[in-house]
Structures are given as structure tokens and as C-alpha cells.
Amino acid sequence: MLAQTTHRFSVTNYHRMAEIGVLSPEARVELIEGEIIDMSPIGQFHRGIVARMAHLFMKLSSDRWLVWPQNSIRLDEYSEPEPDIALL
């Protein structure tokens, strides 16, 4: 019996897969600890909450931080999640 093997992808590999079409532009995926994970679709209610949070945080920030809604953030060589909202 063969041992199960997993493949850990780097952020560079992940981006290259998108560039050459292995991952389609419409794919809702993120890279977490080297694994490509499917993300849930963004519904209207979810989109509205994120927009309201982004608006509120922008008002509160007074340009002290960047409000980064639904964009990827490279954490290390093997993780680039897409949080709903991040304050940078």
C-alpha cells in the first residue's frame, strides 16, 4: 500500500498556477499553509456587512491605518489568505 502524499504550494507556485491558467481567474480560492482552499461564495448580506465595516473603519482610522477589505495578504512563503477585512 502506498503512503498518501500531499503537495505544499508556495505563494510563488500559487501565483504561477493562476498565471498559466491552472487556476481560473474566477476561482474563489486562497492559500493557507501551502494548501489551496475553496472559499464560500460572497452573498449579498455578507457583501453588505463587509462594506459597512470598511466604511466604519475608514471613518475611525483618521488615516492611521489602511482598511483592506476582501483582498489577499501574504503572511509567509506558504500562506496568502483573503480575509473579509483587515486593518493594516
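The values are calculated or read from the model by the stated rules, or taken from the named source; none is laboratory data. These numbers come from a predicted model, not from an experiment. With ideal geometry, Cβ positions are generated from the backbone for all residues, glycine too; neighbour counts draw on all protein chains shown. Just so you know, the surface numbers come from the protein's heavy atoms only, side chains and all, with ligands and any DNA or RNA stripped out. Shrake-Rupley method; radii C 1.70, N 1.55, O 1.52, S 1.80 Å.
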(message) In 10 Å bins starting at zero, report the fraction of Cα pairs in region 1-48 per bin as a rounded %.
(response) 23, 40, 26, 9, 2, 0
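Given a 1.4 Å probe and every protein chain left where it sits, what share in percent of the accessible area of region 14-88 is carbon and sulfur?
That fraction is 55 percent.
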(message) How large is the accessible surface of Asp84 in square angstrom, using a 1.4 angstrom probe and rounding to the nearest 10?
(response) 70 Å²
(message) Please compute the contact order of region 8-69 in relative form: average sequence separation of alpha-carbon pairs under 8 Å and at least six residues apart, divided by the residue count, as a percent.
(response) 23 percent
(request) Could you pull out every residue, at least 5 positions away or on a different chain, whose amide H is within less than 5 Å of the one on Ser72? Hs are placed 1.01 Å off N in the peptide plane, and Pro or chain starts have none. (result) none
(request) Return the label of the correct value of mean projected area of the Cα convex hull in nm², as calculated from the structure shown, out of (i) 7.8; (ii) 6.6; (iii) 6.0. (result) (i)
(request) Figure the gain on full extension for Ala51 and Met17 (residue separation times 0.36 nm, minus the Cα-Cα span) and round it to one decimal in nm. (result) 9.2 nm
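Assign one of three labels to region 44-83, namely rounded, prolate or oblate, based on the Cα gyration tensor with a ≥ b ≥ c the square roots of its eigenvalues; rounded applies when a/c is under 1.5, prolate when it is not and a/b is larger than b/c, and oblate otherwise.
oblate
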(message) Could you derive backbone 3J(HN,Hα) for region 75-87 from the dihedral phi with the Karplus parameters 6.51, -1.76 and 1.60 (θ = phi - 60°), listing whole Hz in sequence and x where the residue is Gly or Pro?
(response) 8, 6, 5, 10, 9, 9, x, 10, x, 4, 7, 9, 10
(request) Give a residue-ordered list of calculated ³J(HN,Hα) values for region 35-40 (Karplus: 6.51 cos²θ - 1.76 cosθ + 1.60, θ = phi - 60°; whole Hz; x for Gly, Pro). (result) 9, 8, 10, 5, 9, 5
(message) Per residue of region 4-15, what does 6.51 cos²θ - 1.76 cosθ + 1.60 with θ = phi - 60° give for ³J(HN,Hα)? Whole Hz please, x for Gly and Pro, Karplus curve as stated.
(response) 5, 10, 10, 10, 9, 9, 8, 4, 4, 4, 4, 5
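Find out how many positive minus negative residues lie around Pro83, taking Lys and Arg as positive, Asp and Glu as negative, among other residues whose Cβ is under 13 Å from that of Pro83. Intermediate values should be presented prior to the final figure.
Values: positive: Arg74; negative: Glu30, Glu80, Glu82, Asp84.
Result for the neighbourhood of Pro83: -3.
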(request) Only loop residues by DSSP count here, and only those with at most 15 other Cβ atoms within 10 Å; note down the trypsin sites (Lys or Arg not before Pro) in region 12-86 that meet that. (result) Arg28, Arg64, Arg74
(request) Work out the length of the dipole vector of the chain about its Cα centre, built from +1 on the beta-carbon of each Lys and Arg and -1 on the beta-carbon of each Asp and Glu, and round it to the nearest 20 debye. (result) 360 debye
(request) Would you kindly find the accessible area of His15, with a 1.4 Å probe and non-protein molecules such as ligands, DNA and RNA excluded, rounding to the nearest 10 Å²? (result) 80 Å²
(message) Suppose each label sits 7 Å from its Cα in the direction of the beta carbon; what would the Glu26-Leu75 distance come out to in nanometres?
(response) 2.9 nm
(request) For region 20-74, build the charge dipole from Cβ charges (+1 Lys, Arg; -1 Asp, Glu) around the Cα centre, then report which of Ser61, Ala51, Ala27 sits farthest towards its positive end. (result) Ser61
(message) Counting only other residues whose beta carbon sits under 15 Å from that of Asn13, what net charge do I get with K and R as +1, D and E as -1?
(response) -4
